[in-house]
Structure formats: C-alpha cells, structure tokens
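A.B. asks: Can you read through this structure? Questions will come right after.
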Amino acid sequence: MWRSIHSIIGLSFALLLMVVALSGSILSTETMLKANSPFIQQVDGLTLADGLKNLTAVYIEVEKLAQEPNGSFLLTHRAENRAYKIYVNMHDGKRLDKKRVSEFYAWMRGLHRSLFLERLGRAIVGISALVMSLLCISGTFLVIRRQGGVTAFFSKVRGHWSEKLHTIFSRLALVPLILLAVTGVYMALVTFHFIPAAKGPKYPESIKELTPVAAYELKAMAQIKLSEVLEVSYPIPGDWFDVYSVKTKTGYVFIDQFTGEIVSQPSHSLSQKIFDWIMFLHTAEGSLSLSIILGITGLSVPLFGITGIVVWARRQRTGAGRIKHNVAAHQAEMVILVGSEGGSTWGFAKNLHVNLTKSGIKTHINSMNKLRKYDHAKHIFIFTATYGDGAAPQNANRFLQRVTHLLTRSKHKELQHWSYSVLAFGDKAFPKYCAFAKQVDGLLARLERPKLIENIEVNKKSSQTFAHWGTLLVAKLAGEYEIKGAFDFSPPRPKTRQLILRRKIDYGVAVNAATSVFRFSNHKHKIGNHKSGDLVAIVPPNDSVARLYSIGSNSSDRYLEICVKKLEGGLCSGFLHDLQIGDSIDMYLIENSDFHLPKNGKPVTLIGAGTGIAPFIGMIKNNHKKAPISLYWGGRDPNSDFLYEDEIKQWLNDGRLREFCPAFSRVKDKQYVQDVVAKRAANIANDLNLGGAVMVCGGAAMAEAVRHVLNPSFKNNGTEIDLLKSRHLYMEDIY
C-alpha cells in the first residue's frame, strides 16, 4: 500500500513539487544574503529611548521603526510629504542606505507562494505542501521496510544507484522536508481560514490630551531594551487618542504619548506565537544556518523526482511487461507466480515460462497477488524475493491470505490438485534472507500441498543456482514431460574483458582436494576498480552462465587474485584448473560493498574455511595501518592444503595480522573452524564490544555452524547476530 501511495502521488505531483521546492531554495539565498547584511548591528546596552533620541536628532517626522530578523533597523519617516524607508545606525541615527526591493526575488516569491495564480495558486501550493507531507510519511515507512526495520534505518543502503541515492538523501532530508511541508500546510490553512489567523492585541487609547512630549523623553521608553524591540509605531499626528505601540519579542507595550505611562502590556497570544514560529521555521528569517539547511533541502526535491522516476521506470522495465503465449489461468497446466520488488525475479520466471511453452505445456505466469483458482493446473512454481525485514514484495503482499482462502474456504478448493515448488531469491547480506519465501513454503505445507521440488535459494541472482534448479526440475518431470530449452537466464551484466593468467599455485592434491591460487592481469596490469571481498564473474567457454568468485586483491595490487577448488564435474572450476600461464579468461567485476573490511581501525574477526580464505588474504595484505585482525581458518591437512602459509607467517611477524587460529580436519586431533571459534567465542564477543566486526566467508553449512557457536556469547553481551547484521557488524559471504 505505502509503495503504491508513494509512487502515484510522487509521479503525479513531481513537476509541481520541483517548481515549489526550487523557488523556495532560491528564496533561501535572499535570507542568506540578509544574514550577511552590512546593516546588522549590535545594540546591547542601548534602551529604546537612547535609539529614538538618536533618530529624533536627524529625522523630524518619524512614523515607524522596525528591527528585521537579521538585526538591521528599518526606519519609516516622512519629508516634504513623501515617505521614505531607510536603514539607519541606531548609535548615531545616520542613514545607512535606502530599502531596495529586488524584482527577481519578488518574482520568485510570487511563483513560490501562488504560481502567479492568486488565490487558486495559493490553494495549489498548499496542496503541494500536503502532498509532500504524505510523501515524507510514506517514504519513511518504505525506508524502514527496505532497510529491514527501524533499528536498521540508518544502516548501509544497497541496490541500484537510483535506489541508493533516493534512500540516502531521503534519510538526510527527512526532518527538514517534514518541517517545510507541515509549516506550508499550516500557512495554507491560515490563508483559507481553516485555522484562525494570529490574533493581535486590542489597542487602548490615551485618557486625555496633554502637552506632547518627545518619544525618547517618555519614561517607559527607557525601560525597554532596544535589542528586544521588533517594531515601534508612532501615534498618528494630531490624534490625541492614539498611543505608541511597541512590539517586543514577548508581547506589546502601549505607551501614553503624553505621560509616558504604560497603558497596557499584553503578551503575545498563543496563536501569534505559533504563527511566528511557523513562519520562522518555514522561511528561516534571521538564521543563516537554518536557511542553508532549508535551501539544500529544497534542492534535494528534484533529486528525489529524478531518482524516483528512474526507480519506477526500472521496475516497469524489469517487471512482468508483455509476455507472449501466456495462456489464461483456467486453461493452464502449469502456473508461475512471481513476487518481486525490484523486478529482477521476473527475468528468471520468464525463462521458465519460455522453456515450458516450447515444450508444449500450457503455462500461465502472473504476480503472486493475482493468485486465483487453477482447476486444470498440475504444478505451481513460486518465484519470490523477500523485501527488507522479511516482508513480502509489493506484488505478493496479499498472497498468504488469498491462498489460505482458496485452499480452505473457497468453493473451488476441492478442484485444486496442484503441487508446488518455491524458488527463493535474496541476498545473504540481509538478516532475514529469503524469509518470505520460507513463510510461503511453511503455509503451503500446513495446507497439505504436495511439494514438487525442495526449496532452492538463489543468492544475489545467481545464474548458476537457477541452472541447477532447472536441472532438478527437468529430472523430476522426466516421466511426465520432456522439458526443452536451457535454464540459462542471467541478469543484464557488464561487457566482459579478458585477463591473462600470470601465476598459479597448487594445493591439496595429496588429499584429493585440488585447490589453486590464480593471479590474473592484462597487458597493462589494469584490472578495474575492485577491493578484496568484491566478486569476479568468470564466463567459461561454451557456457553463458557466469560463475562468481571472491576476490583476494585490491586494485592497487595491479592484479586480480582468486582461490578456486576443483569440483568434480565443475565446468568453470575445471576450466580454471586446466589453464596454463598465458591463457586468458573472460570476466567482469561485481561490487560487493557489504563485504569490505571496515575502515575504523577496530578489531576484526575473519572466519573462513577452504577457499573462503580468499577475500581475507587481500584484506590482511593491505592492512598497512595494522588494525587488529584475527583470522580463523579451516583446512584439511597442513602438509598439503595450508593455503597462504608463508604469507600468513609474514603478516603475523609484521603486525598486519594480530593472531591466526587454524583448524585441520584430516589430522589426528581433527577439528573444524567452528570448533576453534567456539573456544574463543568470548574473545570475539569482547572485540565486538570494542566496536569491532565479524566477517565470515565459505560454505553455508560452515557459516551456520559458526553462527550456532557464536550466538550464545553474543546474547550474553546483550546482542545477537541478526541485530549485528543489520548494523553491518556481522558480515557473511557464503555459498
């Protein structure tokens, strides 16, 4: 719901909001200029009587004196039946300059307040302020949902550049935007009398006519500090009923023009105080710092408009779109239901749809919220991502209720004979990885739906995992259908480049676990921007599905290094292990910013097994500032697959590595890395209390075992792994 509200009103009012916001930003520059006016003066120590005496010595007919929000004094006086407005020096009464009106700012003020449409325009601008308020509210809920909960509101932002910018700047501009929007709504409500206007005081009158006295000689004037005065209005000449009106920061002082006695001294009404505060917060008059903040905030609105449109367009482009040969739901033999927030899951689902259709199978594809009765369907394939803190994607947020109704209360429930399969898409960097998909699977299991294939989780849009799932599907349906086509969908990827193998070190042959460290570069030793922990996608010959490997080097090393274990039947790992020095590979780089070494110099615990050591090698090697790093690593036999043994000894000696805790599983006193971690869990928890972080790289089973042994110690210290993940203090890169 929130996304729909946000998108609809944002797109509908984008241009209007940009115009109002940009004009407001331009007007803030006038406030900034006024805050640096040369006419600003300090009047501490002067009374109102002192100031008026200085003015009386220079000007004969004074009408009004006003202190502007920036601290300058504007005098209105008459000479030869003409009124003049000038800035004056209150210390000697001398003229500083006449008041000048900028036509440009006047024009911009008319645009900002009413779009030059008078009352109608003021209504439109008021509506734009209300719209901005709704966008702020809906945007706040969306950021909370996207980031994974309130506690992760300010955590690192992931996703496409447009989503990153939209989220980051919305968090920064949220408070001032709400301030501008709410105050704008208030002023519009006052303009159209939905809220009473600021109520001024009742003016008293002089009791009787006496001999006039100069203003500065009136004793009440000497009791008022000039710095507290906002405005002084003189009595109308010849009107003995009239009084001096002095508006101060706290209220009004009405002074008899003959006796100098205070006739009345009312405080500002509550409505006046509220109105004055609203005006100050909206215009920032008199505050340089607030005017700068509000000016920058206004400039952020066009950025929101542009990035919001890009985000919306990407969703439209990567969403369902038009799908050929999509049969009606009631005719389908197989159904594909998609839950996708950003749209990328649709690409995988469409690939399955094409393959099933090529195989002569009547197939229907739609979003999960479009679930309906499928009286002839044999299988339903659910492709769903998880959004933020385990939430459903926008187009799947009603699926659980709909499927429950269909299978328990609908009159068609007896006709639903389909089995199901869930393909879960997610990113293991998020604490609630694939949580919604698991929720869907759990519900269907409780509703006693038969499962066609066990759940498969696709981490970071892995084409390799999708291809594996396709192999399982083909085998499962072999007795019933002959599935044609290849499960080879890959999200749009950068153009590949070639790198040349420069060095190769082999390990693990003696224990039947051949593992090699590969070092690549091109002819100019330029690999592309990367850090240890980023990923390289390698496309093997005769296959379009790229395989991802963690990088153990930085751009500054002028080479790219990976560590790869040879897998039986592994197309890409076999290709790499067969490479000879001078052979080349096709690759492209993928930023993995959620798995970079923290830069704060706090203790870091690195935990890995086997080739999971790869990204850590580059992190330690480039730890020139010697941050306290501890490495826990598990191998098989120190005599055959002790990866990077010599380098680790060197780094321990020169301080780049604080401690190294290995574990070997093919020796007499065998142990796994999680066993060593368990013995030192309290130390790791203490390092976290010092502001440290934990990074885990390797197989899913190892990562799960590590979580299992660490969580009790973390809970004893008042935290847990899911919370640490949301704060980017517990990072995983697992496969």
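A.B. asks: Pick from L180, L189: which is surrounded by fewer than 17 Cβ atoms within 10 Å (Cβ to Cβ), under 36 Å from the mean Cα position of the chain (by Cα) and in contact (Cβ under 8 Å) with a residue 24 or more places away in the chain?
C.D. replies: One residue alone meets the criteria, L189.
A.B. asks: Of the conditions (1) in contact with a Ser or Thr (Cβ under 7 Å, 6 or more places away or on another chain); (2) over 27 Å from N717 (Cα atoms), S630 clears all except one; give me its number.
C.D. replies: (2)
A.B. asks: I need the full set of residues from segment 539-591 which are in contact with a Pro (Cβ under 6 Å, 6 or more places away or on another chain) and within 23 Å of G608 (Cα to Cα), in order please. Walk me through how you get there before you give the answer.
C.D. replies: So the first thing to find is which residues in segment 539-591 are in contact with a Pro (Cβ under 6 Å, 6 or more places away or on another chain), and the list is 550, 552, 571-572, 575, 588.
Within segment 539-591, S550, G552, C572 meet the criteria.
A.B. asks: Another question about this same structure. Please verify whether G479 is assigned to a loop (DSSP other than H, G, I, E, B), out of contact with any Lys or Arg (no Cβ under 6 Å at 6 or more places or on another chain) and more than 30 Å from D646 (Cα to Cα), treating the condition exactly as stated.
C.D. replies: Yes; evaluated as a whole, the condition is true for this residue.
A.B. asks: Still on this structure, please answer the following. If we scan segment 505-515, do we find a residue that is assigned by TED's automatic domain parsing to the domain that holds S340, in contact (Cβ under 8 Å) with a residue 60 or more places away in the chain and among the aromatic types (F, W, Y)? Reasoning before the result, please.
C.D. replies: Step one: list which residues in segment 505-515 are assigned by TED's automatic domain parsing to the domain that holds S340, which gives none.
Within segment 505-515, none of the residues are assigned by TED's automatic domain parsing to the domain that holds S340, in contact (Cβ under 8 Å) with a residue 60 or more places away in the chain and among the aromatic types (F, W, Y).
A.B. asks: When K249 is evaluated against the numbered criteria (1) surrounded by fewer than 16 Cβ atoms within 10 Å (Cβ to Cβ); (2) outside the structural domain of E68 (by TED's automatic domain parsing); (3) in contact with a helix residue (DSSP H, G or I) (Cβ under 7 Å, 6 or more places away or on another chain), which criterion, by number, is the only one it fails?
C.D. replies: (2)
A.B. asks: Of all residues in segment 44-94, which are among the acidic types (D, E) and within 24 Å of M279 (Cα to Cα)?
C.D. replies: Residues of segment 44-94 among the acidic types (D, E): 44, 50, 61, 63, 68, 80, 92.
E68 - this is the single residue of segment 44-94 that is among the acidic types (D, E) and within 24 Å of M279 (Cα to Cα).
Residues are listed down the side, and each one gets a yes or a no for (1) hydrophobic (A, V, I, L, M, F, W, C); (2) within 28 Å of I40 (Cα to Cα):
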| site | (1), (2) |
| --- | --- |
| M221 | yes, yes |
| L226 | yes, yes |
| F254 | yes, yes |
| S269 | no, no |
| Q272 | no, yes |
| D276 | no, yes |
| H282 | no, yes |
| E285 | no, yes |
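A.B. asks: When you look at F518, is it at pLDDT 95 or above and surrounded by 18 or more Cβ atoms within 10 Å (Cβ to Cβ), yes or no? Give the derivation first.
C.D. replies: Working: at pLDDT 95 or above: yes; surrounded by 18 or more Cβ atoms within 10 Å (Cβ to Cβ): yes.
Against the criterion (at pLDDT 95 or above and surrounded by 18 or more Cβ atoms within 10 Å (Cβ to Cβ)), F518 qualifies.
A.B. asks: Follow-up question, since we're still on this one. Give the residue that is nearest to K273 (Cα to Cα), with candidates limited to residues of segment 214-246 that are in contact with a helix residue (DSSP H, G or I) (Cβ under 6 Å, 6 or more places away or on another chain) and buried (at least 17 other Cβ atoms within 10 Å of the Cβ).
C.D. replies: For segment 214-246, the residue satisfying everything is V229.
A.B. asks: Now, a different point. Could you list, ordered by first residue, the pairs with Cβ atoms under 6 Å in which the first is in segment 526-547 and assigned by TED's automatic domain parsing to the domain that holds C563 and the second is surrounded by 19 or more Cβ atoms within 10 Å (Cβ to Cβ) and charged (D, E, K, R), at least 6 apart or interchain?
C.D. replies: Cβ pairs passing all conditions: I538/R547.
A.B. asks: Taking into account only those residues within segment 127-162 that are over 15 Å from the mean Cα position of the chain (by Cα) and hydroxyl-bearing (S, T, Y), which is surrounded by the fewest Cβ atoms within 10 Å (Cβ to Cβ)? Steps first, answer last, please.
C.D. replies: As a first pass, look at segment 127-162 and keep what is over 15 Å from the mean Cα position of the chain (by Cα): 127-134.
Right, trim to hydroxyl-bearing (S, T, Y) and you get 128, 133.
Details: S128: 22, S133: 17.
Among residues in segment 127-162 that are over 15 Å from the mean Cα position of the chain (by Cα) and hydroxyl-bearing (S, T, Y), the one surrounded by the fewest Cβ atoms within 10 Å (Cβ to Cβ) is S133.
A.B. asks: Can you tell me which residue is nearest to H376 (Cα to Cα) among those in segment 400-415 that are not charged (D, E, K, R) and not in a helix (DSSP H, G or I)? Reasoning before the result, please.
C.D. replies: Initially, segment 400-415 is screened for residues not charged (D, E, K, R), giving 400-401, 403-408, 410, 412, 415.
Subset that is not in a helix (DSSP H, G or I): 410, 412.
Details: S410: 16, H412: 12 Å.
Residue satisfying both the conditions and the ranking: H412.
A.B. asks: If you take the residues of segment 700-735 that are aromatic (F, W, Y) and touching a strand residue (DSSP E or B) at 6+ places or on another chain (Cβ under 8 Å), which of them is surrounded by the fewest Cβ atoms within 10 Å (Cβ to Cβ)? Even if it seems obvious, please write down each step before you answer.
C.D. replies: Just the residues of segment 700-735 that are aromatic (F, W, Y), to begin with: 714, 730, 735.
Still in the list and also touching a strand residue (DSSP E or B) at 6+ places or on another chain (Cβ under 8 Å): 730, 735.
Numbers: Y730: 23, Y735: 18.
This residue is Y735.
A.B. asks: Inside segment 262-317, can you point out the residues that are under 29 Å from the mean Cα position of the chain (by Cα), loosely packed, with under 15 Cβ neighbours inside 10 Å and small (G, A, S)?
C.D. replies: Hits for segment 262-317 are S289, A313.
A.B. asks: Checking the structure you have, find out if any residue of segment 693-713 is farther than 20 Å from T611 by Cα and either free of Cβ contacts under 8 Å to residues at least 24 places away in the same chain or in the same structural domain as T515 (by TED's automatic domain parsing) (or both). First the steps, then the outcome.
C.D. replies: Just the residues of segment 693-713 that are farther than 20 Å from T611 by Cα, to begin with: 693, 708-713.
With the extra rule that they be either free of Cβ contacts under 8 Å to residues at least 24 places away in the same chain or in the same structural domain as T515 (by TED's automatic domain parsing) (or both), the set shrinks to 711.
Yes.
A.B. asks: If you scan segment 438-465, which residues turn out to be surrounded by 15 or more Cβ atoms within 10 Å (Cβ to Cβ) and in a helix (DSSP H, G or I)?
C.D. replies: K438, Q439, V440, D441, L443, L444, S463, Q464, T465
A.B. asks: Still on this model: Within segment 75-96, count every residue that is surrounded by 11 or more Cβ atoms within 10 Å (Cβ to Cβ) and at positive phi. Steps first, please.
C.D. replies: The first filter runs over segment 75-96 and keeps only residues surrounded by 11 or more Cβ atoms within 10 Å (Cβ to Cβ), leaving 75-78, 83-91, 93-96.
With the extra rule that they be at positive phi, the set shrinks to 93.
The number of residues fulfilling the criteria is 1.
The values are calculated or read from the model by the stated rules, or taken from the named source; none is laboratory data. Remember, it's a predicted structure, so these values are computed and weren't measured experimentally. No Cβ is skipped: glycine too gets one built from the backbone with ideal geometry, and neighbour counts run over all protein chains shown.
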